[in-house]
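What follows is a short report on a single structure.
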Amino acid sequence: MDTESDARDDSSGDARALVRRYYDALDDHDYDALEETLSPAFVQHRPDRTFESRDEFIEFMREKRPNPDTSHDLESVIAGDGRIAVRGRVIEEGTTLFEFADFFETDGGRLARLETYSR
């Protein structure tokens with residue numbers, strides 16, 4: 001199921017489209033498109049590691065991701081005031097590997113910060 005919250009302003013729609021491009025790039029292994037969605041100062045924090053730069057994050061996704069053939073099923077996307085919250089599942093061959101919650105901050109129309117939580 002893929003639902004989105006209603007936006008009260010146009011910037012929320014732009015933010016939701018940006019985050020969808022991010023997940024599509026990950027799922028499609030399109031690392032040029034992924035780079036376009038991320039700010040040069042991008043940082044990701046998650047329970048098992050931190051990526052301090054866009055280049056480090058993209059290199060991990062390209063070369064070291066443990067399950068590269070997965071897809072992201074987004075259950076909800078809420079955006080406003082330069083922040084985006086996403087709830088979803090990572091799926092491999094029809095099986096849910098885990099559920100996640102991602103919290104993004106944007107800067108200049110790109111994703112600048114990501115906090116990831118999973119179970």
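If I ask for residues that are closer than 16 Å to Asp27 by Cβ and small (Gly, Ala, Ser), which ones from segment 71-112 would you list?
Answer for segment 71-112, where residues must be closer than 16 Å to Asp27 by Cβ and small (Gly, Ala, Ser): Ser71, Gly88, Gly94.
Evaluate segment 36-49: report whether one residue or more is touching a Gly at 6+ places or on another chain (Cβ under 9 Å), on the phi < 0 side of the Ramachandran plot and among the acidic types (Asp, Glu).
no
Within segment 64-82, count every residue that is among the charged types (D, E, K, R) and modelled with pLDDT of 95 or more.
Qualifying residue count for the region: 2.
Within the set of pairs 6+ apart or on separate chains, which have a first residue in segment 86-103 that is closer than 19 Å to Ala17 by Cα, a second that is in a strand (DSSP E or B) and of a type in the set (D, E, K, R), and C-beta atoms under 6 Å apart?
Between residues of segment 86-103 that are closer than 19 Å to Ala17 by Cα and residues that are in a strand (DSSP E or B) and of a type in the set (D, E, K, R), the close pairs are Val86/Asp102; Arg87/Glu75; Gly88/Asp73; Gly88/Glu75; Arg89/Asp73; Arg89/Glu99; Ala101/Arg87; Phe103/Glu115.
Pick out, from segment 1-112, the strands (runs of 3 or more DSSP E) lying fully within it that include 3 or more residues that are surrounded by 15 or more Cβ atoms within 10 Å (Cβ to Cβ) and touching a strand residue (DSSP E or B) at 6+ places or on another chain (Cβ under 6 Å).
38-46, 71-80, 83-92, 95-107
The values are calculated or read from the model by the stated rules, or taken from the named source; none is laboratory data. This one's a predicted model, so the numbers in the text were calculated from it and none came from an experiment. Quick reminder, even Gly has a Cβ in these numbers, built from the backbone with ideal geometry, and neighbours come from all protein chains shown.
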